[in-house]
Amino acid sequence: MVTPFHEDGQIDYPGLKNLVNYLIDGGVQYLVSLGTTGESVTLSSEEKKKVFAFTAEVVNGRVGLVAGIGGNNTHDVIEQIKQFDTKGYDAILSASPSYNKPSQEGIYQHYKAIAANTPLPIILYNVPGRTGSNMTAETTVRIANDFKNIIGIKEASGNFDQFNQIMRDKPEGFLLISGDDPVALPMMALGAVGVISVIGNALPRQLSDMIRVCLTGDFKAAQPGHYQLINFTSLMFIEGSPAGVKTALKQLGVCGDTVRLPLVQVSTNIAAQIIKETQKIAQ
């Protein structure tokens with residue numbers, strides 16, 4: 001989920017409530033609070049606590065709920081998890097450390113330490129485009145085999161060789177989840193179980209319907225829904241996420257389009273294209 005802000009940059013809790021209800025009404029099966037798309041790196045510790053608690057209160061057990069808790073300081077991540085109020089939450093999504101670019105052994109030891117200190121199951125998150133380092137398929141499978149409370153991975157490497165290896169070698173029950181909207185369908189054809197989505201913020205019904213068809217194994221029937229979303233998805237990322245999807249959410253009347261620096265709103269030209277595509281699909 002995005003984190004809605006008022007124009008002055010303060011968290012927009014009525015907008016967040018609207019978003020939660022909009023997504024649940026749109027058929028999503030679980031929500032992720034304060035992941036990358038939630039601009040979590042720009043929120044203070046106190047703001048995060050309030051957003052987590054408020055989101056759980058609004059969700060009220062209607063769907064699954066996942067908390068984004070990660071970072072490049074292993075000790076700090078563990079402390080955040082220890083202090084986290086787990087009420088209403090089912091799992092934690094934790095991105096591989098960014099910026100300091102650990103080795104594969106460092107990534108393994110990072111998650112080993114987290115696995116030993118978490119009350120909730122962990123979903124790994126591999127997003128080398130943001131972190132600066134890739135968690136290899138071998139490391140993912142090693143972690144999956146060694147720590148039973150690490151239950152899946154949000155994979156956003158875009159590397160299908162990596163996806164293939166994970167699906168072939170992972171233990172039974174370990175979940176491969178797409179972290180990239182454009183490749184959700186082909187990843188599910190390999191065996192992924194769904195997508196943790198950006199575009200689903202704005203088009204939950206359209207995306208959910210397509211994903212559910214994929215889950216039946218009828219990928220040909222899912223293709224029209226996939227193709228319908230291609231242009232919209234491209235526009236969401238052309239000037240950065242979540243600025244693109246917040247523009248669509250404003251057009252839909254769900255919440256505003258304010259983002260926190262260093263992110264900025266999309267340009268007038270891109271906004272016009274997003275509005276046009278949103279009107280086309282969401283009519």
If the cut-off is a Cα-Cα distance under 18 Å, which lysines reach LYS148, setting aside same-chain residues fewer than 8 apart in sequence? LYS112, LYS170
Within the accessible area of the stretch 1-135, what % is carbon and sulfur when the probe is 1.4 Å and the other protein chains stay in place? 48
May I ask you to order 81-91, 174-184 by the average number of other C-beta atoms within 10 Å around their residues, highest value first? 174-184, 81-91
In whole angstrom, note down how far apart the Cα centers of the stretch 165-205 and the stretch 207-240 are. 12
Using the Karplus curve 6.51 cos²θ - 1.76 cosθ + 1.60 with θ = phi - 60°, work out ³J(HN,Hα) for each residue of the stretch 230-245 in order, rounded to whole Hz, and write x for Gly and Pro. 4, 5, 4, 4, 4, 5, 5, 10, 5, 10, x, 10, x, 4, x, 6
Return the carbon/sulfur percentage of the accessible area of the stretch 225-271, one whole number, probe 1.4 Å, all protein chains in place. 57
Spelling it out for ILE122: with amide H atoms placed in the peptide plane at 1.01 Å from N, the residues 5 or more places away or on another chain with amide H under 5 Å from its amide H are ILE92, ILE150, ILE151
For the ranges 250-256, 137-143, what's the packing order if you count other beta-carbon atoms within 10 Å of each residue, average per peptide, and put the highest first? 137-143, 250-256
Are any of the pairs LYS48/LYS276; LYS101/LYS250; LYS154/LYS220; LYS154/LYS246; LYS17/LYS82 more than 31 Å apart by Cα-Cα distance, and if so, which? LYS48/LYS276; LYS101/LYS250
Give the peptides 38-45, 214-221 in descending order of average Cβ contacts within 10 Å, highest first. 38-45, 214-221
Could you state the accessible area per residue of the stretch 191-280 in Å², with a 1.4 Å probe and every protein chain left in place? 46
Carbon and sulfur: what percent of the stretch 166-222's accessible surface (1.4 Å probe)? 55
Accessible area per residue in Å² at 1.4 Å probe, computed on the stretch 9-166: 43
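The values are calculated or read from the model by the stated rules, or taken from the named source; none is laboratory data. Owing to the predicted nature of the structure, the values given are computational and were not obtained by experimental measurement. Cβ coordinates were reconstructed from backbone atoms using ideal geometry, including for glycine residues, and neighbour counts include every protein chain displayed. Accessible surface is based on the protein model in full, side chains and every heavy atom, while ligands, DNA and RNA are left aside. Shrake-Rupley method; radii C 1.70, N 1.55, O 1.52, S 1.80 Å.
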